[in-house]
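J.: Encoded as structure tokens, here's the structure I'll be asking about.
FYI, it's all coordinate maths here, none of it is from the lab. Quick caveat: nothing in here was measured; it's all calculated off a predicted structure. Note: ideal-geometry Cβ built from the backbone for every residue, glycine included; neighbour counts use all protein chains shown.
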């Protein structure tokens, strides 16, 4: 099992950043790799178990299920159901923590997943650098960092 962890700091209060990232259907609003997204079965985007179905700007479709969402902890977890990445048993968590010194946000995005043999380093880099850091870089442009 591969473990990927990326963290960052944003120049805005955690509550302000959380308002942007907590919507499970809002990836196209803040992540540069996402073309469009919809929640299947017209469920609310904050209902545990809802499935987001989104397309990547570079091509490819991904379906993910919301596993947990906590406004108190400013954290959510989700699992990939279908993806062109070739990962299995993929579970990720995005968590925000207030940084009281300067009213900033500490963000953590982590995932655990299995890969085909020989693809571990490639897929860990794709997830860590492309997905997680790409999203954090976009949030830093939006909120400062």
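J.: Per DSSP helix of 4 or more residues, -39500 (n - 2.57); summed, then divided by the residues of the chain. What does that give at 222 nm, rounded to the nearest 500? Display every interim value, and only then the final one.
T.: Details: 4 runs with 28 residues, N = 145.
Rounded to the nearest 500, the figure is -5000 deg cm²/dmol.
J.: Here is a follow-up. Among 7, 37, rank each residue by its count of other Cβ atoms within 10 Å, from fewest to most, as a rough exposure measure. Present the calculation step by step, with values, prior to reporting the outcome.
T.: Working: 7 14, 37 20.
Ranked by crowding around the Cβ, least crowded first: 7, 37.
J.: Express the Stokes-Einstein translational diffusion coefficient of the chain in µm² s⁻¹, to the nearest whole number, given a Kirkwood radius over alpha-carbon pairs, 10 °C and a viscosity of 1.306 mPa s.
T.: Here the translational diffusion coefficient equals 103 µm²/s.
J.: Return the single residue from 125, 14, 107 with maximal mean-square fluctuation; model: Gaussian network over the chain, springs between Cα atoms under 10 Å.
T.: Fluctuation is largest for 125.
J.: For 80, 34, what's the fewest-to-most ordering of other Cβ within 10 Å of each Cβ?
T.: Values: 80 18, 34 21.
Ascending number of Cβ neighbours within 10 Å: 80, 34.
J.: Could I ask something else about it? Measuring from the lowest to the highest alpha carbon on each principal axis, how far does the range 29-90 reach, largest first, in angstroms?
T.: Principal extents (largest minus smallest coordinate, Cα): 34, 26, 23 Å.
J.: Another one. Among 29, 101, 71, whose mean-square fluctuation peaks in a Gaussian network model of the chain (Cα, cutoff 10 Å)?
T.: Among 29, 101, 71, the largest mean-square fluctuation in the Gaussian network model of the chain belongs to 101.
J.: Please compute the modelled spin-label separation between residue 99 and residue 119, points set 7 Å along Cα→Cβ, answer in nm with one decimal.
T.: Result: 3.5 nm between the two label points.
J.: Now for a different question. Springs between alpha-carbon pairs under 10 angstrom, Gaussian network model over the chain: which of 47, 65, 38 fluctuates most?
T.: Of 47, 65, 38, the Gaussian network model singles out 47 as fluctuating most.
J.: Kirkwood-based Rg over Rh for the range 51-137 (C-alpha set), two decimals? Don't jump to the answer; show the numbers that get you there.
T.: Details: Rg = 14.3 Å, Rh = 14.2 Å.
So for the range 51-137, dividing Rg by the Kirkwood Rh gives 1.00.
J.: If you line up the long axis of helix 134-143 against the longest principal axis of the chain, both from Cα atoms, how many degrees apart are they, to the nearest 10?
T.: Here the helix axis deviates by roughly 20 degrees.
J.: A further question follows. Taking N as the number of residues in the range 4-49, what is its Cα Rg relative to 2.2 N^0.38 Å?
T.: Dividing the Cα Rg of the range 4-49 by 2.2 N^0.38 Å gives 1.34.
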